[in-house]
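A short write-up of the structure that comes next.
The values are calculated or read from the model by the stated rules, or taken from the named source; none is laboratory data. Because the structure is a prediction, the values reported are computed rather than measured. Cβ: placed from backbone, ideal geometry, glycine included. Neighbour counts: every protein chain shown. Ligands, DNA and RNA are excluded from the accessible area calculation, which covers all protein heavy atoms including side chains. Shrake-Rupley method; radii C 1.70, N 1.55, O 1.52, S 1.80 Å.
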Amino acid sequence: MEENNKILITGGAGFIGSNLCEYFLTKGFNVTCLDNFATGHRKNIENLLPNSNFRLIEGDIRNYETCLDAVQGVKYVLHQAALGSVPRSIKDPLTSNEVNVSGFLNMLYASKEAGVKRFVYAASSSTYGDSESLPKVEDKIGKPLSPYAITKYVNELYAEIFGKTYGIETIGLRYFNVFGRKQDPNGAYAAVIPKFVMQFMKYESPVINGDGNFSRDFTYIDNVIQMNELAMLTDDKEAINTVFNTAFGDRTTLNQLVNIIKTELSKFDSKIADVEVIYGPNRAGDIPHSLASIEKGKRILSYNPQYNLQQGLQEAIKWYWENLK
């Protein structure tokens, strides 16, 4: 283990952030978690609090002084803090912008000021916008389709400029529909997989937006952890100040997804097989199809995702059944 092994994980009590905290602690790193618990949960990191290598800062990335405090002595920043959800950004673009743009800039500038070696951040597949080409390749994007997509694209622009202007190393990871353990099934902006799982477990009919033929590149959390570790530790100069798709590289329609979830859950409770699915209107700001090319990540970072959708869902559903039933 290198001498300075301190990592700051912003949004560390959230779904992806808490999984990253847990993973890097097992790898022997000193981990600081910064979270304001707006969308993260204390229960996600409760088991980490007794660990002497873990530090929790309850604070907001919209406060620059908080950001500056959090990055002191830190070598790597894994910036996960953001307000996700396209519908949320459409309903409240001001707050999405404050957190996702101003908060991002606070963290990036504080990291530069504190001499952080590398700033790895959660970018988003929403940046591809209205581009219809499939698979999505990193250097070909369209126009954003939501305020959320704009904020995540602005993050990439700031990161690139900071790399060129100040010399801080940045790497953006464009996440594609991440799912897995600890993902919150509750609330108005819950992601589709945990939401459907919880509805089936309660014998409630899940609602699919549209006819169910929209498709996504669903990406299991362990693939995302692998990508963060590779981005954080790579010595390949070609990786610096660029972005990588973070996905499995396969697409699944919502109809296929709901059938797999129902089949897997029915192994735990046969009555779930009888729960019907309801179809509703399409959702504003949604792109019809999403599929990532992961060739760049494979070539430069040796990315090798281990979980396809079926394998990831088996793991996730088992976790939901054991923890939330």
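Of all residues in region 272-325, those being of a type in the set (Lys, Arg) and crowded, with 16+ Cβ neighbours inside 10 Å number 1. When you check THR165 against the structure, is it in contact (Cβ under 8 Å) with a residue 24 or more places away in the chain, in a helix (DSSP H, G or I) and either among the acidic types (Asp, Glu) or over 21 Å from LEU257 (Cα atoms) (or both), yes or no? No: the conditions fail for THR165. Look at (1) farther than 27 Å from TYR148 by Cα; (2) surrounded by 19 or more Cβ atoms within 10 Å (Cβ to Cβ) and you find that PHE104 fails only one, number (1). As a summary of the residue check, ALA122 satisfies the conditions (1) among the hydrophobic types (A, V, I, L, M, F, W, C); (2) over 17 Å from the mean Cα position of the chain (by Cα); (3) closer than 14 Å to GLY172 by Cβ except for the one numbered (2).
Of all residues in region 38-58, those satisfying the criterion of being open to solvent by less than 40 Å² (accessible area, probe 1.4 Å) and either assigned to a helix (DSSP H, G or I) or at positive phi (or both) are ASN44, LEU48.
Of the helices (runs of 4 or more DSSP H) that lie entirely inside region 241-325, those containing 3 or more residues that are farther than 23 Å from TYR128 by Cα and in contact (Cβ under 8 Å) with a residue 24 or more places away in the chain span 254-266, 309-324.
The residues in region 264-293 that are in contact with a Lys or Arg (Cβ under 8 Å, 6 or more places away or on another chain) and within 30 Å of GLY142 (Cβ to Cβ) can be counted, and the count is 5.
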